[in-house]
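A short reminder: the numbers here are calculations on the coordinates, not readings from a lab. Since the structure is predicted, the reported quantities are computational estimates derived from the model, not experimental observations. Cβ placement follows ideal geometry from the backbone for every residue including glycine, while neighbour counts extend to all protein chains displayed.
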Amino acid sequence: MTNISKLFFPTILLIALTFCGQTPKSFDNGAYVVDPSIKSRIDKKVKSFNGVTMSSMDFKLFKNDSILADTYAKGKSIDECMTMTSLDGDTINIIGFMGMFAGFGYQIALFKDACIVRHFAKSDVEIYKLKKTDSLSFGVSVPCKTYKLTLVSKPTFKKGDIVEGIIELMSDEYYAAANGNERKYKMQLTGYFKTKPLASSAESYQKTN
């Protein structure tokens with residue numbers, strides 16, 4: 001694995017373990033769509049550099065109900081995003097991430113006929129919380145008001161499988177506090193991804209050593 005992947009992996013692994021440790025509610029589960037025609041869109045958005053596959057995102061970030069940042073309006077995607085994936089039993093975990101030690105992205109737990117999708121944000125200081133009454137933490141995993149996951153083909157859930165798709169989501173509201181000021185955020189995001197051949201979490205970690 002390349003040096004950039006080695007830098008990302010511990011951060012992404014921590015996010016994955018946090019996500020997998022959560023108990024989703026029944027309404028978090030949603031079906032995904034299979035549509036081979038999206039492959040041409042993904043091929044335009046996902047590129048490889050020196051053996052590292054870089055995915056891309058478009059996003060609109062709201063702060064206190066006002067738009068703070070909007071790549072949709074600018075027509076320029078963020079194309080330096082990492083995708084980390086693992087196959088754990090009958091679940092494929094996919095994490096798309098922009099940033100390194102601080103940033104944001106999406107989390108997908110993919111099952112045979114359904115999926116759970118969350119938005120997440122992470123910082124190197126304790127600024128985030130999901131609810132106003134929560135304590136501040138380094139990161140937050142946020143349920144989505146709506147999401148749609150479209151895949152190029154139905155996964156086989158076998159080692160070596162490659163998953164390609166587009167995730168579209170609108171997150172619930174969450175909070176960040178800095179310098180005594182607390183603000184409300186929510187995220188609209190579209191992510192384009194192509195995974196490496198699927199391996200278990202343990203195997204993925206071993207490849208970084």
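A protection proxy built from the mean count of other Cβ atoms within 10 Å ranks the segments 110-117, 75-82, 168-175, most packed first, as 168-175, 110-117, 75-82. When the Cα centres of the stretch 45-77 and the stretch 169-201 are compared, how far apart do they sit, in Å? Cα centres, the stretch 45-77 to the stretch 169-201: 12 Å. Working from Cα pairs under 8 Å separated by at least six residues, relative contact order for the stretch 3-206 is 23 percent. The tail of the calculated P(r) for the stretch 3-206 beyond 24 Å holds 37 percent of all Cα-Cα pairs. Ranked by the mean number of other Cβ atoms within 10 Å per residue, highest first, peptides 177-187, 140-150 order as 140-150, 177-187. For the stretch 117-209, the ratio of Cα radius of gyration to the globular rule of thumb 2.2 N^0.38 Å stands at 1.37.
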